[in-house]
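Every number here is computed from the coordinates shown, using simple stated rules; none is lab data. Since we're looking at a predicted model, the values are computed, not measured. Heads up, the Cβs are rebuilt from the backbone with ideal geometry, glycines too, and the neighbour counts pull from every protein chain shown.
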Amino acid sequence: MQSCPMCTKWEADADLRIAELTHSYVLLNRDQFFPGYTFVFTKDHVTELFHLDRETRQAVMEEVTLVAAALYNLFIPDKINYELLGNMVPHMHWHVVPRFKVDRLWPRPIWAEPHDEVILSPAESAERVASIKKSIFATEPQRTLRKPEQEG
Ligand SMILES: [Zn+2]
């Protein structure tokens, strides 16, 4: 689909790429107001869970779960939030967000009130991407398609 921002996001936001899984891409959200805020979105342009065959749907849910576990292991939040809305961008994408009781919006949803964006420097962003990628691989090595690059 030409006009869908999710269909081109993997190409457009190459600096935020965390991992390519079997059915989905994992990408860091550019706004890191919520540290570790990550997108998991399907490679294919699908919009509803019930449009997927059972096997694919279960596999996608496993991938979302893997990313959530990896974020949990890395950030040790009080809760992981999973949001699958698609009103603005219907292409299936999860907002997987570590939440902390000390965050200003706790315990409300991440969109409860506006906040100033936290944009990391390129170096900080690369470091966060690398640490999440490493955590995904450590959490479930057999599920990732590519090993994390060697860190210096
Ligand atoms: Zn799309």
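Listing for the model above:
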{"quantity": "Computed E for LEU105/LEU85 - FRET, C-beta separation, R0 22 angstrom, nearest 0.05", "calculated": "0.85"}
{"quantity": "Förster-model FRET efficiency, 22 Å R0, ARG17 and LYS43, C-beta, rounded to 0.05", "calculated": "0.95"}
{"quantity": "Amide proton proximity set for TYR37, modelled H, under 5 Å, gap of 5+", "calculated": "none"}
{"quantity": "Shape call, the range 42-152: gyration tensor on alpha carbons, a/c limit 1.5", "calculated": "oblate"}
{"quantity": "Sorted by Cβ neighbour density within 10 Å, fewest at the top, the residues GLU62, GLU83", "calculated": "GLU83, GLU62"}
{"quantity": "Within straight-line cross-link reach of LYS79, lysines at Cα separation under 24 Å, skipping those fewer than 8 residues along the same chain", "calculated": "LYS101, LYS133, LYS134"}
{"quantity": "The chain, relative contact order in percent, only Cα pairs under 8 angstrom and at least six apart counted", "calculated": "29 percent"}
{"quantity": "Sum of side-chain charges, PRO114 neighbourhood, beta-carbon under 15 Å (Lys, Arg +1; Asp, Glu -1)", "calculated": "-3"}
{"quantity": "Axial C-alpha extent at least 24 Å, average Kyte-Doolittle at least -1.0 - helices from the chain (DSSP)", "calculated": "54-75, 122-139"}
